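Working notes for the structure below.
No lab work stands behind these numbers, since they all come straight from the coordinates. Note that the coordinates shown come from a computational prediction; the quantities given were computed from them, not determined experimentally. A quick note on method: Cβ atoms are made from the backbone with ideal geometry, for glycine too, and the neighbour counts reach across all protein chains shown.
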Amino acid sequence: MSETSPSSAESANSAFEPKIVAFFCNWCTYLAADLAGTSRLRYAPNIRVVRVMCSGRVDPQFVLDAFAQGADGVLIGGCHPGDCHYQEGNYKALRRFHLLRRTLEQLGVEPERFRLEWISAAEADRLRTVVNEMVEQVRARGPFRPKAAPQFQEVTA
Amino acid sequence: MKLKVAFYWCAACGGCEEAVVDLGEKLLDVVAAVEIAFWPVALDFKRKDVEALEDGALAAAFINGAVRTSEQLEMARLLQRKAQTVVAFGSCAHTGGVPGLANLYPRETLLRTVYQALPSVVNPEATHPTPEVRDSGRHLELPQFFDTVYALDQVIEVDYYIPGCPPTPALLADAVTALLAGRLPEKGAVLAPDRALCDECPRRDSKPEKLALAEFKRPHEVLIEPDKCLLAQGLLCLGPATRSGCGWRCIDGNMPCTGCFGPTSRVRDFGAKAISGMASLLGCNEAGTIIRALERIPDPAGTFYRYSLPAAPLRPRPAAPSAAQ
């Protein structure tokens, strides 16, 4: 599959603020975000956090839906390997992530737009780094414009 | 007076027509009970015969195939006007089907590949399909080839769906019987059982409680045991994600399910759910091992969206055609 690069107009568009849907697990990454808040750490305000009980709860349907509804990126945050509150939910997330990422690439979603990170409850700093980094990468890619679903009135010959 | 029905095909392979013929002697019962007013593959009725019918004169139109050309769209709209009930017949009409995988590529790439680039193509004059042709003072109009393949309900309102690639003759016979008896379910229903194929699989007892596969195997690489759960043998069988009603034709043929009956009513995105289910079956926990194991699935979009890409919530953004293609 050939590379889709953002048009120069898009990369020059400094007004573009990426919207990133972030699924954070209740036990680690969500707490890291909480800690970042109470520690007054500043990071890019582009993520919309959805708290899930486990990264393993992130159904690939959620990710595809987020992109279909206009998210520019999706970030999943879970506990480090071996630390999952439910023993192995994060491993399930990891397996799904790799298969889903390859599928998304075929559908025209560049790899920078979909990311999985292990961030423990103590790693507020790492959360900041990951979010800032991803926001910049997605910003460089430009807005994600999903092809709109057709309405039967709109299809004309 | 007998109820009138019509059969029509859009972007399809002809397999769904075969399913009607496969009714065998039961087809005679169908013909005894209903009048087939239009069936291009078998009977010599023309479009003008359908146009001559009063609106709503057909009790049902069974339309198979996806919608890819302006002619298919016109026929779908015409039949919708003439029929009281529109049934999307088969995977392509239901969710887009195999032709729907063309949505992974832009129209220009497809046309250039088929009319120029393929090694076996001889086309020195670079003839290319166009909607209009003028030759020796004559003017010919051809259907337009859309840049997107649509499932039937994306272009007209559909009342019922009969899934399958192709559907079974039994499902068609049941639908016709229900139509005659006037006991069709609520509009929008899929006329097949709402359970996963895995639940009803004849090999179900050999499915282990927990699967932890080291890798996926492809059917040509292994000698497949005839009675053992195909997942337990490492084959990518989409039975856990797929609606039942097919009569286990592939399983009985010792081949894994490829998902042609589509999702059950609880799932919106078949491909996403299949990805979720299949990836979870791996037993490995380390990223490198997982990536290597998943490399055994060379074409994930084509595998998990084989029959449902046009119906998926996230529509592909095909890469712009590059000069190399």
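Annotations for the structure displayed:
- Projecting the Cα atoms of B:Ala37, B:Pro106, B:Gly90 onto the charge dipole of region B:16-151 (Cβ charges, centred on the Cα centre) puts B:Pro106 farthest toward the positive pole.
- Inter-label distance for B:Ala42 and B:Arg183, nm, one decimal - labels placed 7 Å from Cα along Cα-to-Cβ: 2.6 nm
- Cβ charges +1 (Lys, Arg) and -1 (Asp, Glu), total dipole of the protein assembly as shown, debye: 920 debye
- Here is the list for region B:190-222: trypsin sites (Lys or Arg not before Pro) lying in DSSP coil, each with at most 10 other C-beta atoms within 10 angstrom of its C-beta, are B:Lys210.
- Of the trypsin sites (Lys or Arg not before Pro) in region B:225-283, the ones in a loop by DSSP (not H, G, I, E or B) with at most 12 other beta carbons within 10 Å are B:Arg266.
- Using the Cβ-Cβ distance between B:Ala32 and B:Arg266 with R0 set to 30 Å, the FRET efficiency works out to roughly 0.20.
- Under 12 Å from B:Lys187, Cα to Cα: aspartates and glutamates that are on another chain or at least 8 residues apart: B:Glu157, B:Asp159
- Neighbour-count order for B:Thr95, B:Thr113, B:Thr69, A:Thr38, fewest beta carbons within 10 angstrom listed first: A:Thr38, B:Thr113, B:Thr69, B:Thr95
- For B:Val121 and A:Asn26, the FRET efficiency from 1/(1 + (r/R0)^6), where r spans their Cβ atoms and R0 equals 56 Å, is about 0.45.
- Database note for chain B: Cys without another Cys beta carbon under 4.7 angstrom, B:Cys10, B:Cys13, B:Cys16, B:Cys92, B:Cys198, B:Cys201, B:Cys229, B:Cys237, B:Cys246, B:Cys250, B:Cys257, B:Cys284.
- Between B:Ala52 and B:Asp194, the modelled label-to-label distance comes to 4.3 nm, taking each label 7 Å out from Cα in the direction of the beta carbon.
- Of the GluC sites (Glu not before Pro) found in region B:159-244, those in coil by DSSP whose Cβ has at most 16 other Cβ atoms within 10 Å are B:Glu186, B:Glu209, B:Glu215.
- Entries in B:Lys2/B:Lys48; B:Lys207/B:Lys273; A:Lys19/A:Lys92; B:Lys4/B:Lys26 that, when Cα-Cα distance is taken, lie over 23 Å: A:Lys19/A:Lys92
- Unit Cα scatterers, Debye sum, chain B: log10 I(q)/I(0) for q = 0.10, 0.11, 0.12, 0.16 Å⁻¹: -0.67, -0.79, -0.92, -1.34
- Cα gyration tensor shape of the protein assembly as shown, rounded if a/c is under 1.5, else prolate or oblate by comparing a/b with b/c: prolate
- Range of Cα positions in region B:22-68 per principal axis (Å), largest first: 30, 27, 19
- Exposed-loop-free span, longest in chain B, where chymotrypsin sites (Phe, Trp or Tyr not before Pro) count as exposed if DSSP calls them loop and at most 16 other C-beta atoms lie within 10 Å: B:46-247
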